[in-house]
Amino acid sequence: MKNARLAIALAILLGADALYLPTAPPVVAQSAMSGTTPGAMEGGNTTQAKAFINNHGKSTGTGRLMTKGGKTYIELSKDFTLDEAPDIYVTLYRDAVPPEKTYKADKYVNIARLKSRKGSQSYLVPASVKLDDYQSIAIWCKKFDVTLAYALLEQ
């Protein structure tokens with residue numbers, strides 16, 4: 001019942017065609033989620049935390065990149081929150097502002113499924129990802145192929 005209400009709400013917000021979106025683009029790269037807690041990474045190199053900008057979802061908190069021990073992580077702040085949505089992923093997007101809907105496979109890298117809709121969390125970025133190619137951290141709803149929120153990365 002909850003998913004049906006969400007689908008109807010998204011259809012109203014995005015138009016009726018939102019219920020019939022094509023399948024999501026293939027995952028470019030995916031890693032296992034890091035078991036490291038954000039507090040354990042203190043002392044590493046970090047980018048400045050940037051506030052999430054809402055798109056098709058409502059969110060609070062910040063996102064940033066942190067490097068520790070030669071590994072890079074996406075870190076979401078302890079005050080991170082996100083409204084309910086299905087099939088949520090953390091991605092890096094090549095453009096500063098990801099599209100509202102319809103991700104293109106060559107424009108993003110899928111990092112991992114979102115662990116929780118609230119609280120501090122971190123995600124290991126695969127070593128093969130060239131970070132200079134990406135301008136934002138995006139929270140993406142794969143099921144409806146929409147950007148829920150995004151945070152800009154330092155350039």
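Laboratory data are not the source of any read-out in this text; all were calculated from the coordinates shown. All of these numbers come straight from a predicted model, not from anything done at the bench. So basically every Cβ, Gly included, is an ideal-geometry build from the backbone, and we count neighbours across all protein chains shown.
Values for this structure:
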quantity	calculated
Alpha-carbon radius of gyration plus Dmax, which is the widest Cα pair, for the stretch 103-155 in Å	11.6, 30
Peptide ranges 47-54, 134-141 listed from the most packed, as the mean C-beta count within 10 angstrom indicates	134-141, 47-54
Hits among aspartates and glutamates - C-alpha to C-alpha of Lys115 under 15 Å, sequence gap 8 or more where chains match	Glu75, Asp79, Asp83, Glu84, Asp87
Proximal lysines to Lys130, defined as alpha-carbon separation beneath 16 angstrom and excluding residues fewer than eight positions away on the same chain	Lys71, Lys107
